[in-house]
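Enquirer: Quick one: the structure is below, and I'll ask about it shortly.
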Amino acid sequence: MGEGQASLLALFGGTFDPIHYGHLKPVAALAQQIALRHVIIMPNNVPPHRPQPQASSEQRKMMVSLAIARNPLFQLDCRELQRSAPSFTADTLEEIRQEIGYRRPLAFIIGQDSLLTLPTWNHYSRINALCHLLVCRRPGYPVQMKTPADQAWLDARLTRNIDDLHRLPGGKIFLADTPLYDISATTIRERLEHGQSCADLLPPAVMHYIIAQGLYR
Ligand code: ATP
């Protein structure tokens, strides 16, 4: 595995409304499995035509900061949040490529649900050309893609070889054998709205912040 500049750079994008153990624990297990030293969490700006997060950008950023405060694996990158308009993942990856060059191994982490919808994302082939995709398992989502064409697209890019991820700049898809956590931000928001406990679903510091801010009531 390469060191320093050449090491595999892994990004994890999402809305994080709020960040929860279903984000943190599978990604920590993935990092262990494939020897990632750091994972950069990148909260996104949600396009106006999609349902907007309940928490503000500042609150989502704060919740991520609190969640990772004592965990040196994770770092926070707010470049997408700081933009006035939402950006496509492909454009953000292109920007990062401009910064780090096109040779350093780069990966984008997603859950199984996101893999299934990936063919509907803008420029999804360009995304995978710019980086590897590292996929965490998620309960309730099939392992098969929705169409034979999408499955063929996936099959052509799958690798089980961890060295590929550290050696090649991008282009591979790795299905990680991560533990299943049946947690979603939607469930957390609904439970909080109904005054139910979320104690085991997200870090205590995030829960305290949610209460202090009066979020998701
Ligand atoms: P919501 O319920 O609001 O749609 P979410 O819980 O799915 O949110 P996101 O912020 O949309 O969270 O997800 C960011 C990334 O984390 C996505 O790639 C998603 O697939 C992945 N992810 C979220 N929850 C899990 C989970 N429980 N297990 C594995 N991956 C997950």
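Enquirer: With only alpha-carbon pairs counted, each pair once and no self-pairs, how large is the Kirkwood hydrodynamic radius of region 104-173 in angstroms? Please report the intermediate quantities before stating the final value.
Expert: Details: mean 1/r = 0.0813 Å⁻¹.
When all Cα pairs of region 104-173 are included, the Kirkwood radius is 12.3 Å.
Enquirer: Continuing with this model, one more query. Send over a whole-number figure in Å² for the accessible area per residue of region 1-64, probe 1.4 Å. Provide the component values of the computation, followed by the final result.
Expert: Values: 2730 Å² over 64 residues.
Per residue, region 1-64 has 43 Å² of solvent-accessible surface.
Enquirer: Residues with beta-carbon under 14 Å from that of residue 175, excluding residue 175: net charge, scoring Lys, Arg +1 and Asp, Glu -1?
Expert: Details: positive: 137, 138, 157, 160, 172; negative: 113, 155, 164, 177.
Residues near residue 175 contribute +1 overall.
Enquirer: Using the alpha carbons of the chain, what is the convex hull volume per residue in cubic angstrom, as a whole number?
Expert: Numbers: hull volume 26.6 nm³, N = 217.
Once divided by residue count, the hull of the chain is 123 Å³.
Enquirer: How big is the shadow of the Cα convex hull of region 46-160, averaged over all directions, in nm²?
Expert: Values: hull surface 36.3 nm².
Spelled out: convex hull of the Cα atoms, projected over all directions, averaged, 9.1 nm².
Enquirer: Put +1 on the Cβ of each Lys and Arg and -1 on the Cβ of each Asp and Glu in region 130-217; which of 169, 152, 205 then has its Cα farthest toward the positive end of the dipole?
Expert: My answer, from the dipole projection, is 169.
Enquirer: Projected onto the charge dipole of the chain (+1 at Lys/Arg Cβ, -1 at Asp/Glu Cβ, origin at the Cα centre), which of 22, 195, 35 gives the Cα projection farthest towards the positive end?
Expert: Working it through, the farthest residue towards the positive pole turns out to be 35.
Enquirer: Ignoring ligands, DNA and RNA, how do 25, 61, 146 rank by accessible area with a 1.4 Å probe, largest first? Walk me through the intermediate numbers first.
Expert: Details: 25 85, 61 65, 146 140 Å².
So the residues, ranked largest to smallest area, are 146, 25, 61.
Enquirer: Another question, if that's okay. What figure, in Å² to the nearest 10, do you get for the accessible area of residue 21 with a 1.4 Å probe and non-protein molecules left out?
Expert: Rounded to the nearest 10, the figure is 50 Å².
Enquirer: Springs between alpha-carbon pairs under 10 angstrom, Gaussian network model over the chain: which of 100, 188, 68 fluctuates most?
Expert: Of 100, 188, 68, the most mobile in the Gaussian network model is 100.
Enquirer: Now for a separate question. Size of the dipole of the chain about the Cα centre, Lys and Arg at +1 and Asp and Glu at -1 on the beta carbon, nothing else charged, in debye to 20?
Expert: Numbers: 22 positive and 19 negative charges, 21 e Å.
The dipole magnitude comes to about 100 debye.
Enquirer: How many percent of the accessible area of region 92-179 is carbon or sulfur, using a 1.4 Å probe?
Expert: Numbers: 2240 of 4330 Å².
Exposed carbon and sulfur together represent 52 percent of the surface.
Enquirer: Compute, for region 102-217, the length of the dipole vector about the Cα centre, with Cβ point charges of +1 (Lys, Arg) and -1 (Asp, Glu) only. Units Debye, rounded to 20.
Expert: On the way: 13 positive and 10 negative charges, 83 e Å.
In total the dipole reaches around 400 debye.
Enquirer: Set the bar at 25 Å for Cα to Cα. Now go through 146/172; 25/146; 25/61 and name every pair that lies beyond it.
Expert: On the way: 146/172 19 Å; 25/146 27 Å; 25/61 19 Å.
Violating the 25 Å limit, Cα to Cα: 25/146.
Enquirer: A further question on this structure: What are the principal axis extents of the Cα atoms in region 1-80, in Å, biggest first?
Expert: Cα spread of region 1-80 along its principal axes, largest to smallest: 41, 22, 17 Å.
Enquirer: At residue 126 and residue 76, where each label point lies 7 Å from the Cα along Cα→Cβ, what is the point-to-point distance in nanometres?
Expert: Spacing of the two 7 Å Cα→Cβ label points: 3.0 nm.
Enquirer: In whole Hz, what ³J(HN,Hα) sequence does region 55-61 give by Karplus (6.51, -1.76, 1.60; θ = phi - 60°), x for Gly and Pro?
Expert: Per residue, the Karplus-derived 3J(HN,Hα) values read 7, 6, 4, 4, 5, 5, 4 Hz.
Enquirer: Starting from region 74-103, pick out the GluC sites (Glu not before Pro) whose DSSP state is loop and whose Cβ has at most 10 other Cβ atoms within 10 Å. Before the final figure, lay out each step's value.
Expert: On the way: sites: 80, 94, 95, 99; in loops: none.
Here no GluC sites (Glu not before Pro) fit, given the DSSP loop and packing criteria.
Enquirer: Projecting each Cα onto the charge dipole of the chain (Lys/Arg +1, Asp/Glu -1 at the beta carbon, about the Cα centre), which of 7, 185, 64 comes out farthest on the positive side?
Expert: 7
The values are calculated or read from the model by the stated rules, or taken from the named source; none is laboratory data. These figures come from a predicted structure and were not determined experimentally. Quick reminder, even Gly has a Cβ in these numbers, built from the backbone with ideal geometry, and neighbours come from all protein chains shown. Surface accessibility is based on the protein's heavy atoms, side chains included, excluding ligands, DNA and RNA. Shrake-Rupley method; radii C 1.70, N 1.55, O 1.52, S 1.80 Å.
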